[in-house]
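A.B. asks: Let me give you the structure first, and then I'll get to my questions.
What follows is calculated from the coordinates using simple rules that are stated; it is not laboratory data. The structure displayed is predicted, hence computed values, not measured ones. Positions of Cβ are backbone-derived with ideal geometry, glycine not excepted, and every protein chain shown enters the neighbour counts.
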Ligand SMILES: Cc1ncc(C[n+]2csc(CCOP(=O)(O)OP(=O)(O)O)c2C)c(N)n1
Ligand code: SF4
């Protein structure tokens, strides 16, 4: 089996994409993910792939639209302001049902914000972001190894459902170096065959048309109902999450990505002090593990959601809990990462209140 | 006695009825593009990118693989396609709002990269689809629904000369401005379109044909009046001619 190597998160995600059979990258530099763009510019020519630095994120996302229309594996990566610029194109891609992978290495916002890690693009990623009734599949890694695994999964899910998939990372994960075991290179001949719908030239068949457009509302509604059917299927099959020490827990922490890692430390610290706490970590942010969280929370005294934002995922947590218990929230924003100590303090306040 | 067909629909046009107004030049240009595709024998390997504008349905009018891009982004979409499928022939079809306003960055950079794609650019000095608003190409003094007092330099600036701007870019291998207001011009326009596609097929770089085009509906003129207006006004502002030709004589 492959041995472990030390890699920076951003570069690891790039290598993971290459190993997943991605040979096309379009993107525009932005901190804290530029290493990923740079990595692809070095790496893709080595594997006879194509790297193109676009003139903007607006152009990048439309290049993705074009490449994905041909059924070719393709990706881009960016950080928050760039992801905002991509929203129109992503809406078109979702409507045209084109498989493609996006990585957003989130930084502090709004506006130009800063370049420190944040989780304040959760709404944008999971609730649409662009116009229209659509969803991205959203995957949230909490370690560099998991980022590698989820980038691979992202391509497979994108192909399987003909849907854009977003890997929602943050600046911490992008900049962090960790030991990683890379998967084997995907044999390009085993990549899914999209010739039944893709634009590859109409020689010997009827022309293929790719669009998110229909001027007739009845037809457009039909198209929309088609997307919704697919979304229900994704919700039924693709929910992913992880738990830590929840069986005997009296309290539950909920967090994703980098924050969940810090919460893992909080669980250990709290348990050392005799507080029985567990962790619930959504891996798919869309589809969100509503039912799974609901049952994990059953019988717990209290639940604390922690985010590197002023509270975005907590809205989904509250939907999952559906008023059955009080959901507390703690968050820091603007690129400030909560420390385990300060989260533990918050947890203790809740414990005091609940005893 | 069996009748002999002497004029028929190009194979690369679909059976879909055009959605264009009477006297609109979009339809003429569609036919020319389709004839060129037929003559070059590239129907089976052509990928087309339609814009947002009156020609938004163009991806259904051509019997080739087609899609419609977001407003102004067709050159980026075409870039993605061509990079994914370098052996295919990729073309965009765009209006002047699409290409010269919202899509300025995409066309400039695709041209400058020498992207091996072809763009058919319809300059009708107005936004047709949305009901006759000012375009960047609108002539000075011209009244539109958003320049109701006539376009003025102090307020709206000058009409933009897309071909004159693009000709300075090294990636451009073929660039011509044509009109389709007379049979002779139609023949010339077709040659230009053919050369533009040949440029791409030969891998020489970016190619674009700008077509001065009528919009009788939003100009408020009859089809004949519209042609006269184009001849008298648009050709002065936008002189016809070849700006870049790295292809040479067609065999
Ligand atoms: C992002 C965005 N902004 C605005 C529009 C509305 N819109 C549709 S077509 C168009 C102008 C089209 O004009 P032009 O490109 O000149 O083409 P024509 O209709 O004249 O052929 C506009 C502004 C849109 N569809 N998308
Ligand atoms: S509105 Fe103008 S450009 Fe559009 S189809 Fe009618 S005449 Fe042609």
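A.B. asks: What average count of beta carbons from other chains do you get within 10 Å of the Cβ of residues in A:47-56?
C.D. replies: Across the residues of A:47-56, the mean count of other-chain Cβ atoms within 10 Å is 3.
A.B. asks: Now for a different question. With no solvent and one point on each alpha carbon, what is the Debye value of log10 I(q)/I(0) for chain A at q = 0.08 Å⁻¹?
C.D. replies: -0.39
A.B. asks: For chain A, modelled as a GNM with alpha-carbon contacts under 10 angstrom, which of A:191, A:263, A:24 fluctuates the most?
C.D. replies: Checking each option, the largest mean-square fluctuation is seen for A:191.
A.B. asks: From a point 7 Å beyond the Cα of residue A:188 in the direction of its Cβ, which residues of segment A:11-27 have a backbone N at a distance under 20 Å?
C.D. replies: The answer is A:14-27.
A.B. asks: Do you know the relative contact order of segment B:14-80, to the nearest whole percent, from alpha carbon pairs under 8 angstrom that are 6+ apart? It would help to have the intermediate numbers written out before the result.
C.D. replies: Numbers: 71 pairs, mean separation 20.6, N = 67.
It comes to 31 percent, rounded to a whole number.
A.B. asks: Tell me what chain A gives for mean residue ellipticity at 222 nm when only DSSP H runs of n ≥ 4 count, each as -39,500 (n - 2.57), the sum divided by the residue total, rounded to 500 deg cm²/dmol.
C.D. replies: Computed ellipticity for chain A at 222 nm equals -13000 deg cm²/dmol.
A.B. asks: Using helices alone, what [θ] at 222 nm do you get for chain B, with -39,500 (n - 2.57) per DSSP H run of 4 or more residues, divided over all residues and rounded to the nearest 500?
C.D. replies: -8500 deg cm²/dmol, from helical runs alone.
A.B. asks: For helix A:57-69, what angle does its Cα long axis make with the longest principal axis of chain A, in degrees from 0 to 90 and rounded to 10?
C.D. replies: Helix A:57-69 and the main axis of chain A meet at about 60 degrees.
A.B. asks: Taking each residue in A:194-202, count the Cβ atoms of any other chain within 10 Å of its Cβ, then average. What number comes out? Write out the running numbers ahead of the final one.
C.D. replies: Values: counts 0, 0, 0, 0, 3, 14, 7, 12, 11.
Other-chain Cβ atoms within 10 Å of each residue's Cβ, averaged: 5.
A.B. asks: Per the Kirkwood treatment, what hydrodynamic radius in Å, one decimal, follows for the protein assembly as shown from the mean inverse distance over all distinct Cα pairs?
C.D. replies: Value: 26.0 Å, from the Cα pair sum.
A.B. asks: May I ask for the distance between the Cα centers of segment A:306-354 and segment B:20-58, given as a whole number of Å?
C.D. replies: 57
A.B. asks: Assign one of three labels to chain B, namely rounded, prolate or oblate, based on the Cα gyration tensor with a ≥ b ≥ c the square roots of its eigenvalues; rounded applies when a/c is under 1.5, prolate when it is not and a/b is larger than b/c, and oblate otherwise.
C.D. replies: Oblate shape, in that a/c is at least 1.5 and b/c is the bigger or equal ratio.
A.B. asks: In addition: Cα-based Rg of segment B:1-83 per 2.2 N^0.38 Å, rounded to two decimals?
C.D. replies: My calculation over the Cα atoms of segment B:1-83 gives 1.20.
A.B. asks: Right, here's the next one. Multiply the residue gap between residue A:196 and residue A:326 by 0.36 nm, knock off their C-alpha separation, and tell me the result in nm, one decimal place.
C.D. replies: That pair, residue A:196 and residue A:326, stretches by 41.8 nm at full extension.
A.B. asks: Now a separate question. Would you compute the Debye intensity of segment A:243-354 from its alpha-carbon atoms alone, equal scatterers and no solvent, and pass along log10 I(q)/I(0) at q = 0.12, 0.17, 0.24 Å⁻¹ to two decimals?
C.D. replies: The Cα Debye sum returns log10 ratios of -0.34, -0.71, -1.54.
A.B. asks: Using only the Cα atoms of segment A:191-276, what are the Rg and Dmax in Å?
C.D. replies: When restricted to the Cα atoms of segment A:191-276, Rg and Dmax are 23.8, 71 Å.
A.B. asks: Still on this structure: Provide, as a two-decimal number, the C-alpha radius of gyration of segment A:17-129 over 2.2 N^0.38 Å, N being how many residues it has.
C.D. replies: The value comes to 1.01.
A.B. asks: From a point 7 Å beyond the Cα of residue A:218 in the direction of its Cβ, which residues of segment B:1-29 have a backbone N at a distance under 20 Å?
C.D. replies: Zone members listed by number: B:17.
A.B. asks: If I fit a long axis through the Cα atoms of helix A:9-19 and take the longest principal axis of the Cα atoms of chain A, what angle between them do I get, 0 to 90°, rounded to 10?
C.D. replies: Roughly 40 degrees between the two axes.
A.B. asks: Hey, rough spin-label estimate for residue B:145 and residue A:310, points 7 angstrom out along Cα→Cβ, what's it come to in nanometres?
C.D. replies: 3.9
A.B. asks: Efficiency by 1/(1 + (r/R0)^6): what FRET value for residue B:6 and residue B:224, r their Cβ-Cβ distance, R0 = 30 Å, to the nearest 0.05?
C.D. replies: According to the calculation, E is roughly 0.70.
A.B. asks: Please report the relative contact order for segment B:26-245, taking Cα pairs under 8 Å with a sequence separation of at least 6, and give it as a percent rounded to a whole number.
C.D. replies: 19
A.B. asks: Using the Kirkwood formula over every pair of different C-alpha atoms, what hydrodynamic radius in Å results for segment B:135-251? Display every interim value, and only then the final one.
C.D. replies: On the way: mean 1/r = 0.0645 Å⁻¹.
Mean inverse Cα-Cα distance, inverted, gives 15.5 Å.
A.B. asks: R0 = 45 Å: FRET efficiency of residue B:130 with residue A:181, Cβ-based, nearest 0.05? Please list the in-between numbers first.
C.D. replies: Working: r = 54 Å, r/R0 = 1.21.
Here the calculated transfer efficiency is 0.25.
A.B. asks: Contact order normalised by length for chain A, with contacts defined as Cα pairs under 8 Å and 6 or more residues apart; what percent is it?
C.D. replies: Values: 739 pairs, mean separation 64.3, N = 355.
It comes to 18 percent, rounded to a whole number.
A.B. asks: Expressed in nm to one decimal, what extension gain is obtained for the pair residue A:127 and residue A:292 from 0.36 nm per residue of sequence separation less their Cα-Cα distance?
C.D. replies: Going from the current span to full extension adds 57.4 nm.
A.B. asks: Label 7 Å along Cα→Cβ of residue A:31; segment A:322-347 residues with amide nitrogen under 12 Å?
C.D. replies: Under cut-off, by backbone N: nothing.
A.B. asks: Next question. Just tell me how shielded B:57-70 is by partners: mean number of partner chain Cβ atoms within 10 Å of each residue's Cβ, no decimals.
C.D. replies: Taking the mean over all residues of the peptide, I get 6.
A.B. asks: Roughly speaking, what is the centre-to-centre gap between segment B:181-203 and segment B:157-174 when only Cα atoms are used, to the nearest Å?
C.D. replies: Segment B:181-203 and segment B:157-174 have Cα centres spaced 18 Å from each other.
A.B. asks: I'd like the distance separating the alpha-carbon centroids of segment A:65-99 and segment A:3-64, in whole Å.
C.D. replies: 14
A.B. asks: Give the calculated FRET efficiency between residue B:191 and residue A:4 to the nearest 0.05, with a Förster radius of 51 Å applied to their Cβ-Cβ distance.
C.D. replies: Rounded to the nearest 0.05, the efficiency is 0.25.
A.B. asks: Round to the nearest 10 and give me the degree value, 0 to 90, for the angle of helix A:87-96's Cα axis relative to the longest principal axis of chain A.
C.D. replies: 60
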